[in-house]
Amino acid sequence: RKEVEQDPGPFNVPEGATVAFNCTYSNSASQSFFWYRQDCRKEPKLLMSVYSSGNEDGRFTAQLNRASQYISLLIRDSKLSDSATYLCAVNGDSNYQLIWGAGTKLIIKP
Amino acid sequence: DAGVIQSPRHEVTEMGQEVTLRCKPISGHNSLFWYRQTMMRGLELLIYFNNNVPIDDSGMPEDRFSAKMPNASFSTLKIQPSEPRDSAVYFCASTRGAGGTGELFFGEGSRLTVL
């Protein structure tokens, strides 16, 4: 089993819809969780950190489920510009290490 | 403020040639990471520097790869000799602190093609 797993997609979603995807992690001791966004042929950029209490930023909501060891990202009222690959990252055993998922590709269609 | 700066943006070379990738981290960031990204393997950490010192190079594929950070504002990743399987996008990232708990800032990447 991979340390961090994501459904690669693609998720094809009509504009205006709500979409959600998960990221499972294997290390129950992990404490830091992140969602990054990567546009085609660009670098990853931090979308949001995921806190124990959840985190909301506009149309984006991130949740942590420690019992089942996954984090989720919900996008409401999706826009064409939300089309991208969403990478999750989870801290590893050391304080500098991030374990990356392979990414979920999201395509928003008009 | 300028972000992480990488060069070259694109490199096409022939098998056996030496490749040198360069990175200038964000000023004030004391952690620097070199990552490699491919469709098959995703983002892989190659090497991590903290305060210019290599802390973890366990991700460096083999002796053909080497990395240096002579000062706080410059790092290089060298591949010698290059092979077609080294074709990938190489990202440099920097951050304050250790990196496992905060935001990583990535450069635009160096897209390497080895023929």
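The values are calculated or read from the model by the stated rules, or taken from the named source; none is laboratory data. Only a predicted model underlies this, so the values are computations on that prediction, with no experimental measurement involved. Cβ coordinates were reconstructed from backbone atoms using ideal geometry, including for glycine residues, and neighbour counts include every protein chain displayed. With ligands, DNA and RNA removed, areas are computed over all heavy atoms of the protein, side chains included. Shrake-Rupley method; radii C 1.70, N 1.55, O 1.52, S 1.80 Å.
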Task: Residues (open to solvent by 90 Å² or more (accessible area, probe 1.4 Å) and touching an Asp or Glu at 6+ places or on another chain (Cβ under 8 Å)) located in region B:1-58 - done: B:Arg9, B:Met15, B:Ser27
- [ ] List every residue pair whose Cβ atoms sit under 7 Å apart, with the two residues 6 or more apart in sequence or on different chains, where the first one lies in region A:32-44 and is touching a residue at least 24 places away in the same chain (Cβ under 8 Å) and the second, anywhere, is among the small types (Gly, Ala, Ser) and not in a strand (DSSP E or B).
- [x] A:Ser32/B:Gly100; A:Gln38/A:Gly103
Open item on the list: With the structure loaded, tell me whether A:Ala89 is closer than 18 Å to A:Val4 by Cα and in contact with a Leu (Cβ under 6 Å, 6 or more places away or on another chain) or whether it fails that test.
Closed with: yes
TODO: Filter region B:75-115 for residues that are open to solvent by 50 Å² or more (accessible area, probe 1.4 Å) and either closer than 27 Å to A:Trp35 by Cβ or within 11 Å of the chain's Cα centre (by Cα) (or both) and give the result.
DONE: B:Lys78, B:Arg96, B:Thr101, B:Glu103, B:Phe105, B:Glu108, B:Arg111
Task: region A:3-19 - residue that is assigned to a strand (DSSP E or B) and more than 11 Å from A:Tyr86 (Cβ to Cβ) and, of those, farthest from the other protein chains (Cβ to nearest Cβ) - done: A:Pro14
- [ ] Considering each residue of region B:84-110, count those that are more than 24 Å from B:Ser27 (Cα to Cα) and either of a type outside the set (A, V, I, L, M) or touching a helix residue (DSSP H, G or I) at 6+ places or on another chain (Cβ under 7 Å) (or both), and give that number.
- [x] 4
Open item on the list: Kindly evaluate A:Ser49 against the criterion of being modelled with pLDDT of 95 or more, small (Gly, Ala, Ser) and open to solvent by less than 50 Å² (accessible area, probe 1.4 Å).
Closed with: no
